[in-house]
1. Report yes if Thr127 is more than 21 Å from Ser33 (Cβ to Cβ) and at pLDDT below 95, otherwise no.
2. Tell me which of these Asn414 doesn't satisfy, since it passes every other one: (1) open to solvent by 70 Å² or more (accessible area, probe 1.4 Å); (2) among the polar types (S, T, N, Q); (3) touching a residue at least 24 places away in the same chain (Cβ under 8 Å).
3. Give me the pairs, please: first residue somewhere in region 424-450 and more than 27 Å from Pro624 (Cβ to Cβ) and touching a residue at least 24 places away in the same chain (Cβ under 8 Å), second residue anywhere and polar (S, T, N, Q) and surrounded by 16 or more Cβ atoms within 10 Å (Cβ to Cβ), beta-carbon distance under 9 Å, and either six or more positions apart or on two chains.
4. How about region 390-448: which strands (runs of 3 or more DSSP E) wholly inside it have at least 2 residues that are among the hydroxyl-bearing types (Ser, Thr, Tyr)?
5. Quick check on region 489-519: of everything there that is in contact (Cβ under 8 Å) with a residue 40 or more places away in the chain and not in a helix (DSSP H, G or I), which residue is surrounded by the fewest Cβ atoms within 10 Å (Cβ to Cβ)?
6. Test Arg97 against the stated conditions and say whether it is closer than 29 Å to Gly257 by Cβ, part of a helix (DSSP H, G or I) and of a type in the set (D, E, K, R).
7. Cβ-Cβ below 9 Å, separation at least six or inter-chain, first residue in region 311-333 and free of Cβ contacts under 8 Å to residues at least 24 places away in the same chain, second β-branched (Val, Ile, Thr) and open to solvent by less than 90 Å² (accessible area, probe 1.4 Å): which pairs?
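The values are calculated or read from the model by the stated rules, or taken from the named source; none is laboratory data. As the structure is a prediction and not an experimental result, all values here were calculated from the model. Don't worry about glycine lacking a Cβ; one is built from the backbone with ideal geometry, like all the others, and counts go over all protein chains shown. Side chains included, ligands, DNA and RNA excluded: accessible areas come from the protein's heavy atoms. Shrake-Rupley method; radii C 1.70, N 1.55, O 1.52, S 1.80 Å.
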Amino acid sequence: MRRLIFTALAVIGLATGAGAQDMAKHSPAGFDSLRINIPHGKIDTITYPSKTVDTTRRALVYTPPGYSKSKKYPVLYLLHGIGGDEFEWLNNGHPERILDNLYAEGKLVPMIVVLPNGRAMKNDRATGNIMAPDKVQAFATFEQDLLKDLIPYIQKKYPALTDREHRAVAGLSMGGGQSLNFGLGNLDKFAWIGGFSSAPNTKRPEELLPDPAAAKKQLKLLWISCGDNDNLISFSKRTHDYLDKYAVPHIFYIEPGVHDFKVWKNDLYMFSQLLFKPVNVASFQKMTVLGIPATTNIRSSRYPQILPDHRVAFRIKAPNAQKMQIDLGKKYDMTRDAEGFWTVTTDSIGEGFHYYSLIIDGLPVADPSSETFYGMGRMASGIEIPFTGGGYYDLKDVPHGDIRIKNYYSTVTNSWRRLFIYTPPGYDVDQSQKYPVLYLLHGGGEDERGWATQGKTDNILDNLIAEKKARPMLIVMADANIGTGAFSDNPLKMFEADLKKSIIPFIDHNYRTETDAKNRALAGLSMGGIQTLYSGIYNTDLFSYLGVFSSGWIQPAQSAIADAQYDFLRKNQEKIKNNLSLLWIAMGGKEDIAYKNCQTMLHQFDDLKLKYTYYEYPGGHTWPVWRNHLYNFVPLIFKN
C-alpha cells in the first residue's frame with residue numbers, strides 16, 4: 001500500500017507594532033467638521049516646472065499643525081478623480097479638516113500632503129469632454145510628471161523625507177487607479193499605497209504585481225477600499241482576489257456607500273491613521289466594515305457577505321419571527337433590530353462550498369437570498385467561501401467541456417431516471433475519437449446534481465485537461481438513490497444491477513466510449529464510496545480503477561456486508577490483483593466522520609495484502625475535501 005498525507009500550513013508574517021491598528025472601523029459623526037479651538041494646518045498653492053508636459057503646473061500643499069522647516073516630514077500624494085483637478089479634494093472632501101481633527105486627537109504622524117492635478121497636459125482643466133482620449137491619456141502621462149517633476153520639486157522646496165519608506169500615494173476613482181498603477185509600478189519610490197474606489201484605468205492585477213513575492217518585501221501598506229453599492233467595486237475585488245491568491249498582505253476595506261465623497265472622506269480618515277507607523281499585518285483582515293456578497297447569492301442579493309477573514313455576515317428581514325438562527329456548521333443566534341432585520345456574523349468558515357439553513361422559530365428553511373442545492377435530503381442553501389488554493393476548480397480561459405442531462409429507462413426500477421454527463425472539450429469535433437469513462441457517485445442526501453453543481457466537476461476536468469494532467473474522458477454522474485435503506489444490502493445490489501444493466505449500456509450505446517475495463521473507472525464520496533466498494537470490488541472485470549472518498553464499511557451496521565466482501569477478496573486475490581490497476585482511498589483527515597470506519601477497513605485490506613493508495617486532505621466530511629479528492633484522483637486513472 002502507499003499512503004499520502006496532505007498537510008496545510010498557514011504562515012502569517014507580522015510587522016512590528018501591535019497597537020497601530022487599534023482603531024475604529026469607520027469614521028465617527030463630525031470627523032470632517034471644522035473645529036475652531038484646535039490647531040490647524042495650512043494649505044498653499046504652488047507652481048512647479050514640468051518637463052514632462054513642457055509647462056508650469058499647479059498643485060496644493062497641506063502642511064500640518066506645528067509645521068517647521070527645521071523638521072523632516074513624510075509625504076502623501078493625494079490624487080483626484082477623472083472629473084476633478086487639484087481643487088477637487090479641497091472643495092468636496094475638505095482633507096484639511098479631517099487631518100486637523102486627527103492631529104488634535106493624536107492619531108496621525110505629522111506629514112505633508114500634496115494634492116496635484118493628475119491630468120498631465122497643457123490645458124489640464126476638467127472642461128469639455130473629460131472622457132476624450134487625450135484627456136484620459138493625460139492621467140497615464142502623470143506618472144512621469146509625478147516621478148520626474150513634482151516629487152523632486154517638493155523635496156527641493158519642503159523639508160521632506162526622501163526615502164520610499166516615507167512616501168505614500170493614494171487617490172479616489174481615477175486617482176485610485178493611478179495610485180495603484182504608479183505605486184505598485186514604482187515600489188522603489190512608494191511603500192504606502194491606497195486605492196479608494198479605483199476606476200477601470202486600474203491595470204489588471206497581473207500587470208500591477210507581476211512579482212508578488214518581491215512586492216511583499218517592499219510594501220509597508222496596501223489599502224484597497226470601495227463602497228458596497230459602487231458599480232466599480234469589481235475592479236477593487238479583482239485586485240484583492242489576486243493579492244489574496246498570492247498572500248500579499250493588504251487591507252480590503254468595504255464600507256456602506258456608493259461612488260462619492262462620503263465614502264472617500266471616510267477612506268482618507270481611515271487610511272491616513274495607518275501611515276508612517278509600524279503596522280500589524282495580522283489585523284488587516286478584520287478592519288473592513290462590510291464584506292463581498294457571496295458568489296452563491298441570487299442576483300442582486302447583498303447578503304450573505306463574506307469578510308476578508310472568511311467570516312460570513314447575514315442580514316435577513318423577518319419582522320414577525322420570534323427567533324432566528326443560521327446553521328452553518330454550527331448554529332448562530334441572530335439579533336433583530338427595530339426595523340425587523342435579523343443579523344449575525346459567524347466565525348471564520350473553511351474553504352469552498354458549504355450547505356447552510358435559516359432556522360425560523362425552529363423550522364429549517366432555505367435562505368431566499370441564496371441559490372439552493374439538493375443536499376441534506378432537501379433543497380438547501382449553499383455558500384462558496386473563497387479559497388486561495390482553489391484555482392483548480394475556477395472557471396478559466398481554457399477549452400470547456402459540457403454537462404449534458406440525459407434520461408434513461410432503468411430496467412431495474414422500471415422507471416425513467418436521470419444522468420448528468422460531462423463530455424470533454426472537443427467531444428463533438430472529432431467524431432472518430434473514443435473516450436474512457438469515469439462513473440462518479442454522490443453522497444447520502446444528494447443526487448446526480450451534486451458532483452456537477454456542488455462539486456464543480458466540469459471546471460476541475462477542464463483545467464486538468466488543459467494542463468495535460470488528465471486524459472480527456474467522459475464522467476457519468478448517476479442518481480445512486482435506489483431502493484430503501486441506503487446502506488443495507490438490498491439497495492447496494494439494486495444500484496449494482498442498475499449500473500451494469502442500464503447505465504453502462506446506455507452510455508456505451510449513446511456515446512463514443514472505450515468499452516473495456518482498462519478504460520472504465522468508478523468513484524464516489526461517502527455513500528457513493530460504499531457503493532464504489534460494493535459495485536467496484538465485485539466487478540473488477542468492468543472497472544480497473546476505483547476511488548473511495550470519505551468512506552468505509554460502517555461498523556457495526558454493515559459488518560455482515562463487509563465480512564462477505566473480505567471473504568470474496570480472500571478467495572479472489574489473484575483475479576483482483578490482475579484486474580485492478582488502482583484502488584485509491586482518500587479521507588478528509590481525522591475530523592472526517594468516516595475516518596474510523598475507513599481505518600478499520602484498511603487494516604483488513606492490509607491483512608489481505610490488498611494493494612491500495614491512501615491519501616488525506618484535511619477538512620472533514622465536506623465538499624471542499626471531495627473536490628480535492630477528485631482533482632487528485634483523475635490524473636491517476638486511464639494511464640494505460
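1. yes
2. Only one criterion in (1) open to solvent by 70 Å² or more (accessible area, probe 1.4 Å); (2) among the polar types (S, T, N, Q); (3) touching a residue at least 24 places away in the same chain (Cβ under 8 Å) is unmet by Asn414, namely (3).
3. If the second residue must be polar (S, T, N, Q) and surrounded by 16 or more Cβ atoms within 10 Å (Cβ to Cβ), the pairs left are Lys434/Thr513; Lys434/Asn519; Tyr435/Thr423; Tyr435/Thr513; Tyr435/Asn519.
4. Passing ranges, in order: 402-410, 415-423.
5. Arg512
6. Against the criterion (closer than 29 Å to Gly257 by Cβ, part of a helix (DSSP H, G or I) and of a type in the set (D, E, K, R)), Arg97 qualifies.
7. What qualifies is Lys330/Thr346; Tyr332/Ile326; Tyr332/Val344; Tyr332/Thr345; Tyr332/Thr346; Asp333/Ile326; Asp333/Val344.
For every residue, the table says whether it meets (1) closer than 30 Å to Asp134 by Cα; (2) modelled with pLDDT of 95 or more.
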site: Gly13; (1), (2): no, no
site: Ser33; (1), (2): no, yes
site: Pro39; (1), (2): no, yes
site: Ala59; (1), (2): yes, yes
site: Ser68; (1), (2): no, yes
site: Leu78; (1), (2): yes, yes
site: Leu90; (1), (2): yes, yes
site: His94; (1), (2): yes, yes
site: Ile98; (1), (2): no, yes
